[in-house]
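Structure record follows, encoded as structure tokens.
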Amino acid sequence: MTAYPTTVQTSVYQQTCERMPGIKMSADHLSLRLRPIRRRDRSFPRRMPDREDDFLTPATRLLEKKREMIEVEQALNTEKEEFQMKTESLQQRRAELEHKEEKLKDSLFKFDKFLKENDSKRKRAQRKADEERQLATQKEREAIRLQAENKQLLACKERLLCRQEKTSIYQNYLQRVLERTDEFQEVQEMIDRFNTLMATQDKLLKRELENQENTEKEKARLLHYQEEARSQILELNNQLADLQEELEKARAVVLEWESRWAQIQNTAADNTLRLGRIRMATLNLFQIITKQMHIKSDESIEDTEGQLEKIKICFADLDAIYKDLKKAEINPQTPAMSTAN
């Protein structure tokens with residue numbers, strides 16, 4: 001009787017935990033929660049001693065049991081009300097904690113956003129400074145390159161001026177040649193004509209070299225083709241010899257098979273003749289037996305197997321008749337010998 005409220009309280013606690021997953025208690029906490037119930041269980045009416053039960057009527061015992069059940073139900077209802085109140089307080093506490101947690105999350109989110117914004121600003125400023133440094137470095141490199149290029153151009157200019165002074169004698173020479181000829185009007189035309197002739201000469205030289213290379217290639221291909229032709233001729237001669245040998249072997253095999261075929265035809269003719277004789281003999285024997293034994297048969301003349309089967313049956317019947325006659329001849333002699341004795 002004293003353990004009933006504790007069991008009911010535990011089942012109520014389990015159902016509450018299933019409906020409210022946020023409320024979880026440890027085993028020690030549950031034992032502390034159940035200690036007051038166990039202490040109250042001592043005040044529950046206990047069962048009367050066995051000696052008094054002997055003097056109680058069944059109706060009194062029933063009333064005692066009902067009283068005990070009512071007290072237990074009252075205690076259980078009290079515990080349910082206390083548990084309901086504690087559950088409501090826990091729910092309220094949980095709502096407060098959730099509200100504080102939401103505020104804390106909001107604060108953390110704002111702080112994280114603030115940090116990210118500061119970090120992005122710092123990165124943008126650093127990136128801009130890096131870009132400016134890279135641009136300044138690039139400009140310095142470009143200035144150094146342009147200065148070096150300017151120096152090279154000035155040196156090239158000086159070289160070209162020196163070269164112009166040295167080649168001026170050729171200009172004078174071409175001018176004197178132009179004055180003596182009537183084919184060209186200007187020096188540049190003469191130079192262009194010379195360049196055209198030089199280009200034509202280079203093309204002709206290249207073409208001649210290409211023709212020589214092609215000639216060498218064609219000679220090499222011709223030699224290679226001749227060697228391949230010789231090797232193919234030798235290979236074909238060897239194949240021809242092998243084929244002639246195979247032809248001789250095939251002719252020998254053909255002669256052998258022709259002789260065998262003739263022998264097979266002769267054997268087949270002999271077998272056909274022998275078969276015809278066997279069929280004639282079988283037919284004659286069948287006709288003699290059917291005539292002697294007065295047997296009517298509708299066997300065809302060409303059905304040799306059926307005739308042989310009929311002959312076999314007749315011979316079996318004749319053998320059985322012969323055996324019966326032989327037994328009949330032996331049996332009469334046996335009584336005659338006994339009378340003689």
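Of the residues E227, E189, E165, the single one that is modelled with pLDDT of 90 or more and part of a helix (DSSP H, G or I) is E227. Quick check: anything in segment 189-200 more than 27 Å from Y170 (Cα to Cα) and out of contact with any Phe, Trp or Tyr (no Cβ under 9 Å at 6 or more places or on another chain)? No, every residue in segment 189-200 fails to be more than 27 Å from Y170 (Cα to Cα) and out of contact with any Phe, Trp or Tyr (no Cβ under 9 Å at 6 or more places or on another chain). Could you grab me the full set of residues in segment 307-318 that are under 16 Å from Q292 (Cα atoms) and either within 60 Å of the chain's Cα centre (by Cα) or open to solvent by less than 100 Å² (accessible area, probe 1.4 Å) (or both)? Those that are under 16 Å from Q292 (Cα atoms) and either within 60 Å of the chain's Cα centre (by Cα) or open to solvent by less than 100 Å² (accessible area, probe 1.4 Å) (or both): Q307, K310, I311, I313, C314, A316, D317, L318.
The values are calculated or read from the model by the stated rules, or taken from the named source; none is laboratory data. Since we're looking at a predicted model, the values are computed, not measured. Note that we place each Cβ from the backbone using ideal geometry, even for glycine, and neighbour counts take in every protein chain shown. To get the accessible areas, we keep the full protein, side chains included, count just its heavy atoms, and leave off ligands, DNA and RNA. Shrake-Rupley method; radii C 1.70, N 1.55, O 1.52, S 1.80 Å.
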